[in-house]
Amino acid sequence: MTDASSAPHWPGSVALVLASSTGGVGQHVRSLARGLTEAGASVLVCGPAATQDQWNFTAVGARFAPVEIPASPTPADGRAVAVLRRALADTPVDVVHAHGLRAGLVAVLARPAAPLVVTWHNAVLSGGLRGQMSRLAERIVARNVRVALGASADLVERAAALGAADARLAPVAAPTLPPPRRRRPAVRAEFGVAPDRPLIVSVGRLHPQKRYDVLVDAAARWRTRNPAPVVVIAGSGPAYLQLAARISATRAPVTLLGHRTDVADLLAGADLALVTSDWEARQLFAQEAMRAGVPLVATAVGGLPELVGDAAVLIPPGDVDAVDAAVRDLLDDEARRTDLARRAAARAATWPTETDTVAALADLYAELAPEPSTRTR
């Protein structure tokens, strides 16, 4: 989709609440903070101090109140509830919009006076006690929000099944990347990639959900190809040490780059993009890769099939053989890569943009707060 001809407008006040985030949720909240501020809203972001350090919400016009909501439940959650309640009392708002289950639970327990919206960004995949606690939190959140938004259709269905009275789809648009700062040869030279050697890129948090172990195991098989592909993974997270050990043990041609701010450059140098997750909604890197016209191999999970359509190669999750075969087939078929690149760019042009996303939320907030206050300005 293209940006709306007229910019969205909503003159009310909203609190955007998030938990610890080094990836897509933080990026999305920053995008919303910027867009809503430009739409005339007063925006308060509540979340861990580290999220302000990384995403700098105040630079796009929002105010920030530190509320330490860790990624996993802890005994400190009670304090987070009290701090959020105090922040909302100090700065009354017309709508509270929490992003993710952790932030949603804290927001529900804070019992805000304003209507509460919660966006489901992720599915609960963990088992054991943690999984049980997360599923209980899902149920509590679903039954205590005015509107539950899902980033993909399966999340909307999940929220409705858990008792949400009003569950709606709210696709998350990837912020537009800046133009690459470096040319393709310069990017490839950083990793010692010769012109005839394939460069495969993946970007995401180093977390078990992303299943980079599957990618590493597949990449180990590509050492015998001539020329052998080079694989780079940009991102940080708790699985770093395990992945580094696996790369060393298998002698896979994979480099962990850590956190990068030059994804546009990495895509400019790439021959293929790869997503191996067990689940995703509308993964931001998949959107970025397709917008850049880079052929994409992705797992057929969550919202990815509805996102990519026939413009990417979809494979089952957790299947090393499928990753191996899909990558080999594409590397051996230049015409198919060219066709996928064309399809990807065309498909990306149909997606909601950041402006569309902000406009949809402004309409929702106006529905919930038809006479917004200006008391926070």
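Any read-out appearing in this document is the output of simple, stated calculations on the displayed coordinates, not a laboratory observation. It should be emphasised that the depicted structure is a prediction, and the values quoted were computed from it without experimental measurement. FYI the Cβ positions are ideal-geometry reconstructions off the backbone, even for glycines, and counts take in every protein chain you see.
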Exercise. Relative contact order (percent) for the chain, with alpha-carbon contacts under 8 angstrom and 6 or more residues of separation?
Worked result: 18 percent
Exercise. Long-range amide H contacts for R260: which residues qualify at under 5 Å (H placed 1.01 Å from N, peptide plane, sequence gap of 5 or more or a different chain)?
Worked result: G235
Exercise. So what's the gap between the Cα centers of region 91-134 and region 145-178, to the nearest angstrom?
Worked result: 12 Å
For this session: Count charges around F57 for me, please; just the other residues with Cβ under 12 Å from its Cβ, Lys/Arg as +1, Asp/Glu as -1.
Result: +2
Exercise. For the chain, modelled as a GNM with alpha-carbon contacts under 10 angstrom, which of D265, D53, D94 fluctuates the most?
Worked result: D53
For this session: Specify, per residue and in Å³, the volume enclosed by the convex hull of the alpha carbon atoms belonging to region 246-313.
Result: 107 Å³
For this session: Could you state the angle between the C-alpha long axis of helix 24-38 and the longest principal axis of the C-alpha atoms of the chain, as a value from 0 to 90 degrees rounded to the nearest 10?
Result: 50 degrees
Exercise. What's the angle, to the nearest 10 degrees (0 to 90), between helix 354-368's Cα axis and the longest principal axis of the chain?
Worked result: 20 degrees
Exercise. So what J values fall out for region 93-106 if you push phi through Karplus, 6.51 cos²θ - 1.76 cosθ + 1.60 with θ = phi - 60°, rounded to Hz, Gly and Pro as x?
Worked result: 10, 8, 9, 10, 10, 9, 10, x, 5, 4, 5, x, 5, 4
Problem set entry | Linear extension gain, D319 paired with D333, 0.36 nm per residue minus alpha-carbon span | 2.9 nm
For this session: With springs only between Cα atoms under 10 Å apart, run a GNM on the chain and tell me which of L44, L314, L162 wobbles the most.
Result: L162
For this session: For region 184-348, evaluate the Debye formula with one uniform point scatterer on each Cα (no solvent term) and list log10 I(q)/I(0) at q = 0.09, 0.10, 0.11, 0.16 Å⁻¹, rounded to two decimals.
Result: -0.25, -0.31, -0.38, -0.86
Exercise. Once you list every other residue whose beta carbon is under 14 Å from the beta carbon of A312, what net charge do they have if Lys and Arg are +1 and Asp and Glu are -1?
Worked result: +1
For this session: Return the distance in nm (one decimal) between the two label points of a simple spin-label model at A76 and E367, each offset 7 Å from Cα along Cα→Cβ.
Result: 3.6 nm
For this session: Name the most mobile residue of T91, T74, T350, meaning the one with the largest mean-square fluctuation, in a Gaussian network model of the chain with Cα contacts below 10 Å.
Result: T74
Exercise. Roughly how many whole Å is it from the C-alpha centroid of region 292-306 to that of region 207-258?
Worked result: 19 Å
For this session: Could you pull the Cα extents of region 1-135 along its three principal axes, largest to smallest, in whole Å?
Result: 49, 36, 28
Problem set entry | For a label point 7 Å along the Cα-to-beta-carbon line of S248, residues of region 202-241 with backbone N under 11 Å | 241
For this session: Report, in degrees rounded to the nearest 10, the 0 to 90 angle that the Cα long axis of helix 128-142 makes with the longest principal axis of the chain.
Result: 50 degrees
Exercise. Taking a point 7 angstrom from the Cα of A186 along the C-beta vector, which residues in region 233-268 have backbone N less than 20 Å away?
Worked result: 260-268
For this session: Evaluate Rg over Rh across the chain, taking Cα atoms for both radii and Kirkwood's formula for Rh.
Result: 0.98
For this session: Give the calculated FRET efficiency between D90 and T37 to the nearest 0.05, with a Förster radius of 25 Å applied to their Cβ-Cβ distance.
Result: 0.80
Exercise. V17's amide H: which non-local residues (gap 5+, or another chain) put their own amide H closer than 5 Å, with H modeled 1.01 Å from N in plane and none for Pro or chain starts?
Worked result: C46, H97, A98, H99
Seminar exercise, completed: Quick calc of log₁₀ I(q)/I(0), region 64-119, Debye, one scatterer on every Cα, no solvent, q values 0.18 1/Å, result -0.52
